[in-house]
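Every number here is computed from the coordinates shown, using simple stated rules; none is lab data. Owing to the predicted nature of the structure, the values given are computational and were not obtained by experimental measurement. Glycine gets a Cβ as well: all are built from the backbone with ideal geometry, and neighbour counts include every protein chain shown.
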Amino acid sequence: AAGAAPRSGSALAALAGLGGGEIALLTGLALGAGRYGLGYVCDGVIATAAAAIAAAIAPDLKPRLIAGHLSPEPAHAALLAHLGLKPILDLQMRLGEASGAAAALSILKLAAASHDGMHTFAEAGVSTS
């Protein structure tokens, strides 16, 4: 029901009891990304904590989560392990402002461009015998 208090022990109860506005906003963003078939790049502890809450609410979101990088903060490694994610980058970045996600997205764009430009063996004239 609208306005009802979240169940004790639920992801929403954890968010309501422990999360700040930034985690609530990012949780909503992750849920929205999943609803519309988009990916969500986890960048640091706050964004990854929000992703963990969102995945607890909507488990079908998990395949759409991407770990942009690994922060040196111990909680970040624990959250990534909880979500079963491996980071694209591990550069000991602590800069914030989605700098790890921006760097990881550049790598993902390069990978996608490489994949899209590849020929099949038949197109490239490679013998498979």
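Look at the alpha carbon pairs under 8 Å that are at least 6 residues apart: their mean separation over the length of segment 9-86 gives a relative contact order of 30 percent.
Once Lys and Arg get +1 and Asp and Glu get -1 on their Cβ, which of ILE88, GLY37, LEU105 lies farthest toward the positive end of the dipole of the chain? Result: GLY37, furthest along the dipole toward the positive end. Residues in segment 98-108 carry Karplus couplings, in order, of 6, 5, x, 5, 4, 5, 5, 4, 4, 5, 5 Hz; the curve used is 6.51 cos²θ - 1.76 cosθ + 1.60 with θ = phi - 60°, and Gly or Pro positions show x.
In a fully extended conformation the segment linking ALA122 and LEU38 would gain 27.0 nm over its present Cα-Cα distance, using 0.36 nm per residue. For segment 65-129, the relative contact order is 30 percent, taking Cα pairs closer than 8 Å that sit 6 or more residues apart in sequence and dividing their mean separation by the residue count. For segment 9-129, the alpha-carbon radius of gyration amounts to 1.27 times the rule-of-thumb value 2.2 N^0.38 Å expected for a compact globular protein.
Gain on full extension, evaluated as 0.36 nm per residue between LEU29 and LEU89 minus their Cα-Cα distance, stands at 19.3 nm.
Between ALA67 and CYS42, LYS86, ILE88, the built amide H atoms are under 5 Å apart, and every one of these is 5 or more places off in sequence or on another chain. Its Cα centre serving as origin, the chain has a Cβ charge dipole (Lys and Arg +1, Asp and Glu -1) of approximately 300 debye.
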